[in-house]
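Engineer: Just passing along the structure, written as structure tokens.
The values are calculated or read from the model by the stated rules, or taken from the named source; none is laboratory data. Only a predicted model underlies this, so the values are computations on that prediction, with no experimental measurement involved. All Cβ positions, glycine included, derive from the backbone under ideal geometry; neighbour counts span all protein chains shown. Keep in mind that these areas ignore ligands, DNA and RNA; they rest on the heavy atoms of the full protein, side chains included. Shrake-Rupley method; radii C 1.70, N 1.55, O 1.52, S 1.80 Å.
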Amino acid sequence: MNWSYHADLGPLWPYVFILIAGFVATDCWRWAGVFLGNSISEDSELFVWVRAVASALVAGVIAKVVLFPQGSLAQAHVALRIGAIGAGYAVFFLTGRRFVPGIIVAEAILIGGMLAGL
Amino acid sequence: MNASSDEGQAPSSRFMWFWRGSRQAFGVPGLILFGSMLGFGGLAAQSGLPLDITIAMTAVIWALPSQVVLVGAIAGGLSLLTTAIAVTLSAVRLLPMTVALMPLIGAGKPSRISLLAASHFMAVTPWVAALRLMGNIPVHGRVSWYLGLGATLSATNTIATVLGFWGGSNLPPALSAGLVFLMPVYFLVSLTIAAKVRTDYLALGFGLVATPLATMWFPEADLLIGGVGAGTLAYLAHRTQRKAGAT
């Protein structure tokens, strides 16, 4: 039995798939946050670890989108993608951690580079 | 002015705070999120997903990295269980974010139901805005304010998803790639702003390096191995250093 999104399990299957692997998979953490909110100390060791894992997980998604992209972003050379986000991040720090200049620089390098055929 | 929190609030007051939260959705961060959701809509269209499923993703998930992970898992034909694990791992951050916001949003002792409803709108953009601005809002208006902000962002970005879905395949590749690229750039910068202690910075750096390495060896468990491994390593590095400093 293939339980992928594309499996032939009736017309409602795609919605069930999104509901379980999308809605429940994300909102369960939000609900847990509400229930734990007043009983967990933000400075506890467990909480420091959870926050570190949470940050590393999103960093992993960021790295995957930059290094192994889907769709039209894959048409940009990998060096252009890394260079663009790296330069944007550097500008973010150089401008005193203001995120707008960093985002503009990263986007300008990526789009400009792609238009120039890189 | 200083209404006590245990008093029942007039609906008009709740509506006013909802409205003020709504208006907060139309700032620069909201604009960047809008662009990122345009990119997400385009990505979903390029991956062959139908429009109604794409709309449902933004509406019910409301966490852009998790949505991108879900689109990738569907395109890769992963099973329900593998997909749910990958998506839920990419959303773990919602737990510490919600916990961090609870002392602020829960200060007026709102009902748990209203907090659970508000929690659906937990995401990086409203979270950063709430940490910055909620301290200035009277405790009884905070849940309404956050619901207004979150529901408005969710609505405008669902529209962005639809526009991106329609327009994504007609845009020049450089522009649609630029919109997809907004998500990693925006989240990298937002996570850095949200980082509080050195462990958070270490976790970010380790995660950026470890996950792509894990992708090459364990393509279906890369988030789990790379993310949990990198986060744990960052935590241990911080602990070891602190102990060494203490003695």
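Engineer: Filter the range B:114-132 for residues that are modelled with pLDDT under 95 and out of contact with any Leu (no Cβ under 9 Å at 6 or more places or on another chain); which is farthest from A:W29 (Cα to Cα)?
Structural biologist: Among residues in the range B:114-132 that are modelled with pLDDT under 95 and out of contact with any Leu (no Cβ under 9 Å at 6 or more places or on another chain), the one farthest from A:W29 (Cα to Cα) is B:R132.
Engineer: Turning to a different aspect of this structure: Could you grab me the full set of residues in the range A:63-118 that are among the hydroxyl-bearing types (S, T, Y) and either in contact (Cβ under 8 Å) with a residue 40 or more places away in the chain or closer than 10 Å to B:V185 by Cβ (or both)?
Structural biologist: A:Y89
Engineer: Which of the residues spanning the range A:61-118 are farther than 25 Å from B:A73 by Cα, in contact with a Ser or Thr (Cβ under 9 Å, 6 or more places away or on another chain) and basic (K, R)?
Structural biologist: The one that is farther than 25 Å from B:A73 by Cα, in contact with a Ser or Thr (Cβ under 9 Å, 6 or more places away or on another chain) and basic (K, R): A:R97.
Engineer: Can you find even one residue in the range B:166-174 that is away from every other protein chain (no Cβ under 13 Å), open to solvent by 10 Å² or more (accessible area, probe 1.4 Å) and under 22 Å from B:M57 (Cβ atoms)?
Structural biologist: yes
Engineer: Here is a list: B:L38, B:L89, B:L101. Which entry is surrounded by 24 or more Cβ atoms within 10 Å (Cβ to Cβ), within 7 Å of chain A (Cβ to nearest Cβ) and either in a loop (DSSP other than H, G, I, E, B) or not hydroxyl-bearing (S, T, Y) (or both)?
Structural biologist: The unique qualifying residue is B:L89.
Engineer: Give all pairs with beta carbons closer than 6 Å in which a residue from the range A:21-35 that is facing chain B (nearest Cβ under 7 Å) meets a residue that is among the small types (G, A, S) and not in a helix (DSSP H, G or I); count only pairs at least 6 apart in sequence or on separate chains.
Structural biologist: As it stands, the answer is A:T26/B:A63; A:T26/B:A91; A:W29/B:A91, since those pairs meet every condition given.
Engineer: Just the residues that are touching a residue at least 12 places away in the same chain (Cβ under 8 Å) and within 8 Å of another protein chain (Cβ to nearest Cβ), please, taken from the range B:107-124.
Structural biologist: Correct list: B:L115, B:S119, B:H120, B:M122.
Engineer: Please give the number of the condition B:L80 fails out of (1) hydrophobic (A, V, I, L, M, F, W, C); (2) open to solvent by 10 Å² or more (accessible area, probe 1.4 Å); (3) touching a residue at least 24 places away in the same chain (Cβ under 8 Å).
Structural biologist: Status for B:L80: all satisfied but (3).
Engineer: Quickly run through the range B:123-149 and pick out the residues that are among the hydrophobic types (A, V, I, L, M, F, W, C) and outside any helix (DSSP H, G or I).
Structural biologist: Answer for the range B:123-149, where residues must be among the hydrophobic types (A, V, I, L, M, F, W, C) and outside any helix (DSSP H, G or I): B:A123, B:I137.
Engineer: Are any residues in the range B:55-64 facing chain A (nearest Cβ under 7 Å), in a helix (DSSP H, G or I) and buried (at least 24 other Cβ atoms within 10 Å of the Cβ), and if so, which ones?
Structural biologist: B:M57
Engineer: Is one or more of the residues making up the range A:29-38 out of contact with any strand residue (DSSP E or B) (no Cβ under 9 Å at 6 or more places or on another chain) and closer than 28 Å to B:L49 by Cα?
Structural biologist: Scanning the range A:29-38 turns up at least one residue that is out of contact with any strand residue (DSSP E or B) (no Cβ under 9 Å at 6 or more places or on another chain) and closer than 28 Å to B:L49 by Cα.
Engineer: While we're here: Within the range A:90-118, how many residues turn out to be at pLDDT 95 or above, surrounded by 18 or more Cβ atoms within 10 Å (Cβ to Cβ) and within 7 Å of another protein chain (Cβ to nearest Cβ)?
Structural biologist: 8
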